[in-house]
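Colleague: This is the structure I want to talk about, given as structure tokens.
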Amino acid sequence: MNRARKTYVKVAILVLALCAAFCPGAWADPGLWPEVVRLGLIPTEGGADIVKRFQPLIDHLEKTLGVKVEAQSASDYAGVITAMAHKHIDFAYLGPKSYTEAAEKANAQAVALERNKRGEPGYYGVIISRKDSGIKTLEDARGRVFAFTDPNSTSGYLVPNVLFYRDLKVDPKKYFKEVKFSGSHGASILAVKNGSIEVAATNNIDLDRMAEKGQASWDDFNILWKSELIPGSPMCVRADLPESLKAAFAGALMMFNANKQGLEKLQIGGYLPADDTTYDVIRYLKQLKKQLAQAS
């Protein structure tokens, strides 16, 4: 066993202190680990871009775990869930809603969540319009072209749907002239900026990421609405992986909190321990959205 791989012991000790409740077998033999671990990433900004953004974390995981880490994205959120269901990926970065789908369909298990740059355990959904569009309120947005992100997106679909059905008591397909799916938060942001979409649902973290890349600025947009805090996007493992590998992965994420440059690249404030119950509020919102849509 090489020196890097032996670090699993130190990592497992850290995780046992943080996550003893879901790591009962953390002392399993790391010889049972796969030689290559595959990390799936939802396409929040396009597949190639998100892999580049995660590169410092990928390098850290390889060094800490002592195994090769291969990252891949997909054309949509469902593609990552399907890949995990067929055991084509071992770890995954998902959104809160897509995690609840993956927990049900792909044996996914949350072990950590992202903090935002202010240290809060989550992020905020926003609805945006272009600054010079004349659309400054949700009432102004009536009859315009609107974009959700993806049916499995939390801030780009689930949370704004609860707003429409519960708070505004409207069906978005009737409220707007046309409703589209952009495929990613980056695509929604750019579509509003260039005027091909008039209004879109996204979130503060992906707006920050587009600003960091120089592709958009907060000053380009009106913020028509901001949600309450949404639980941070989870880092997940396939539940059937060795307990020691799951523990080491969670511990490696906590250790990455010391990598300030890496966190800046990811545009987050670090990681916190999480488990499946963290996302029960998302399950509640999914059920509420379904009930409200049926009653409308």
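Colleague: How do the pairs read when you match residues in segment 187-215 that are among the small types (G, A, S) with residues anywhere that are surrounded by fewer than 20 Cβ atoms within 10 Å (Cβ to Cβ), using Cβ under 6 Å and keeping only pairs 6 or more apart or on different chains?
Modeller: A211/S217
Colleague: Out of the residues in segment 81-109 that are touching a Leu at 6+ places or on another chain (Cβ under 7 Å) and either at pLDDT below 95 or not in a strand (DSSP E or B) (or both), which is surrounded by the most Cβ atoms within 10 Å (Cβ to Cβ)?
Modeller: Among them, the one singled out is A102.
Colleague: If you go through segment 152-165 one residue at a time, do you hit one that is farther than 21 Å from P231 by Cα, among the hydrophobic types (A, V, I, L, M, F, W, C), crowded, with 19+ Cβ neighbours inside 10 Å and at pLDDT 95 or above?
Modeller: There is no residue in segment 152-165 that is farther than 21 Å from P231 by Cα, among the hydrophobic types (A, V, I, L, M, F, W, C), crowded, with 19+ Cβ neighbours inside 10 Å and at pLDDT 95 or above.
This table checks each residue for (1) outside the structural domain of V159 (by TED's automatic domain parsing); (2) free of Cβ contacts under 8 Å to residues at least 40 places away in the same chain; (3) of a type in the set (S, T, Y).
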{"residue": "K52", "(1), (2), (3)": "yes, yes, no"}
{"residue": "P56", "(1), (2), (3)": "yes, no, no"}
{"residue": "K63", "(1), (2), (3)": "yes, no, no"}
{"residue": "G66", "(1), (2), (3)": "yes, no, no"}
{"residue": "S73", "(1), (2), (3)": "yes, yes, yes"}
{"residue": "A85", "(1), (2), (3)": "yes, yes, no"}
{"residue": "Y93", "(1), (2), (3)": "yes, no, yes"}
{"residue": "K97", "(1), (2), (3)": "yes, no, no"}
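Colleague: In segment 57-72, is there at least one residue being crowded, with 19+ Cβ neighbours inside 10 Å, under 13 Å from the mean Cα position of the chain (by Cα) and outside any loop (DSSP other than H, G, I, E, B)?
Modeller: No, segment 57-72 contains no residue that is crowded, with 19+ Cβ neighbours inside 10 Å, under 13 Å from the mean Cα position of the chain (by Cα) and outside any loop (DSSP other than H, G, I, E, B).
The values are calculated or read from the model by the stated rules, or taken from the named source; none is laboratory data. Just so we're clear, the structure is a prediction, and the values are computed from it rather than from any experiment. Here Cβ is always computed from backbone atoms with ideal geometry, including for glycine, and neighbour counts include all displayed protein chains.
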